[in-house]
């Protein structure tokens, strides 16, 4: 609750449409006025039913304006004691205003804000005051928004377990806010979150659409403070959430349209790019075609973004435009070859993957080879540690490509080339050799190879476990068990 008070203290002063202005009081009040929660409900009801004379209504409104002047004196630029006295004087004036006219809804709304913003803050009193305001005037916007925010806090929306009492109350109040202001981004944003947490997918989608169509908010501090500092009320943020919601409800075509526009507008938005990738993967050929044009615009605006380029190529393939995809990767890699060899090499790997899936083996291998050259790896040259992971990944792809093409001699030659480049202390080539033997039913060769490897690395438990597995595959279960027992003894 401490966090809630801090957030509300900074937000309600700015956001709620109430009645306060700026004058410097010199003498703070000494009298402590009774809280509304201390007043018997029957007394309040009786006073509201009493006819209020025009004179009292005018006096009440004058006190409302007086409170406005006092409260503006409590601005952050003032000294702490003057801020405190200004807020206290504003509270006293407001209490007098509702005493003169118990039906003055705006007075209770303003008092509700003060109940939160004046230390130490009283959420329950603020709820009672705001509820009073909305009962007196169903169209009291400020009262409904205060209740919506306070119920949101009490609902534990940003926790794993929601409060079953305050969730429906918060939803009801945010709905009231949208009734009074149909383009209120904050209300639609919070409703979409509540619907998400309560598994109301259709209502969430509709709320997100309304959020996108809402006016740009002047106040987003409460939303950002409560939902997390990275969250905001921008239409772009709503678009991403809508795209995700549409994907969850199986509306992939609509999701692609929404997310594609976001990527076109924000080509460096990695979250949007990844979401579009998911949408493309779950969509059909026609859906992919929708995304291609937006991605082309995004790549044109940001030609040095490898992730975006790869996504465009993958989307073109899914749309049935294989040659266009191949050309995009080749062209982009060539453009980056001088300025960013790492990205250029990665694009060649992506091209190799694309060609390998199309069973164009030689072209795929050529792309993989070119990626190694771009990273400075020659035919038999040793590499540094910073290149090792990349080189291993590329050789693994090359070996798998040859295996899929049923070219065992090329598999073996590629493994040997990897051994020369990675060095004898690297186990990649040995593990690939053993894997090749096992996949081709060469059980004895696999056993011989793993035993030779264990002689070099007697303390490598991974190799020992691999030998036990191969022994089992060869029908030598007892030998495998004995080997495992040896491993257990070593670990003790």
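Rounded to 0.05, the FRET efficiency of the residue 396 and residue 359 pair, given R0 = 22 Å and the Cβ-Cβ distance, is 0.75. For the pair residue 416 and residue 270 in one chain, pulling the backbone fully straight at 0.36 nm per residue adds 48.7 nm over the alpha carbon distance.
Ordered by the number of other Cβ atoms lying within 10 Å of each residue's own Cβ, fewest first, 181, 386, 286 fall into the sequence 386, 286, 181.
Given R₀ = 41 Å, FRET efficiency for residue 203-residue 330 by Cβ-Cβ distance, to 0.05?
Working: r = 47 Å, r/R0 = 1.14.
Computed FRET efficiency for residue 203 and residue 330: 0.30.
With neighbours defined as other Cβ atoms within 10 Å of a residue's Cβ, the residues 104, 162 order from fewest to most as 162, 104.
Order of 374, 65, 242 from fewest to most other C-beta atoms within 10 Å? Spell out each step's value before the answer.
Values: 374 21, 65 14, 242 26.
Placing the least packed residue first, the sequence is 65, 374, 242.
Where a number appears in this text, it was derived from the coordinates with a stated rule and is not lab data. Since this is a predicted model, take the numbers as computed values, not measurements. Using ideal geometry, Cβ is built from the backbone for each residue, glycine included, and neighbour counts are taken over all protein chains shown.
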